[in-house]
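**Q** Before we start, here is the structure in question, set down as structure tokens.
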Amino acid sequence: MKLKRYFEKLRNTPALIPVFAIFLNKYVLIVLVFMVWMLFLDANSWFTHRELDQEIKELKDNKEYYKKEIIKDQKDIKTLKDSNELEKFAREEYFMKRDDEEIYIIEYEDSILKNEDDD
């Protein structure tokens, strides 16, 4: 009852700007409280939905990336079914050799990682 009298007193003051009188309407107040509740306080608030939408977007991007990687890996597997390609891959990536061969790894000066302490 005190709140109702307070609003009546505010409504009857002559210096009150008409815009504020609109906000003192009980229906407008209820709608404003409802909007604040739904935007900020509810478990299904706008902010929660925004975060979930961003997470969905990231997951879709990851899905596209992994699909491309799968296609690339399938192409690699297809090429590695040939024994010559498999041997070439093993020699280049894992430095494997035949029993009667020797491998020399040549590193150029600009390909060697330098420590900051060496400068």
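**Q** Among the residues of the stretch 45-68, which ones are of a type in the set (Ser, Thr, Tyr) and within 22 Å of Phe34 (Cβ to Cβ)? First the steps, then the outcome.
**A** Narrowing the stretch 45-68 to residues of a type in the set (Ser, Thr, Tyr): 45, 48, 65-66.
Correct list: Ser45, Thr48.
**Q** Oh, and also: Working only within the stretch 27-40, note down all residues that are of a type in the set (A, V, I, L, M, F, W, C) and under 25 Å from Lys4 (Cβ atoms). Spell out how you get there, then give the answer.
**A** Taking the stretch 27-40 first, the residues of a type in the set (A, V, I, L, M, F, W, C) are 28-40.
Once the filter is applied, which keeps residues that are of a type in the set (A, V, I, L, M, F, W, C) and under 25 Å from Lys4 (Cβ atoms), the stretch 27-40 yields Val28, Leu29, Ile30, Val31, Leu32, Val33, Phe34, Met35, Val36, Trp37.
**Q** Considering only the stretch 94-116, how many residues are touching an Asp or Glu at 6+ places or on another chain (Cβ under 9 Å) and farther than 19 Å from Asn84 by Cα?
**A** So the answer is 0.
**Q** Among helices (runs of 4 or more DSSP H) lying entirely in the stretch 15-113, which contain 3 or more residues that are loosely packed, with under 11 Cβ neighbours inside 10 Å and modelled with pLDDT of 80 or more?
**A** Numbers: elements: 18-23, 26-36, 46-80, 83-94.
Answer list for the stretch 15-113: 26-36, 46-80, 83-94.
The values are calculated or read from the model by the stated rules, or taken from the named source; none is laboratory data. Everything quoted here is computed from the prediction, not taken from an experiment. Positions of Cβ are backbone-derived with ideal geometry, glycine not excepted, and every protein chain shown enters the neighbour counts.
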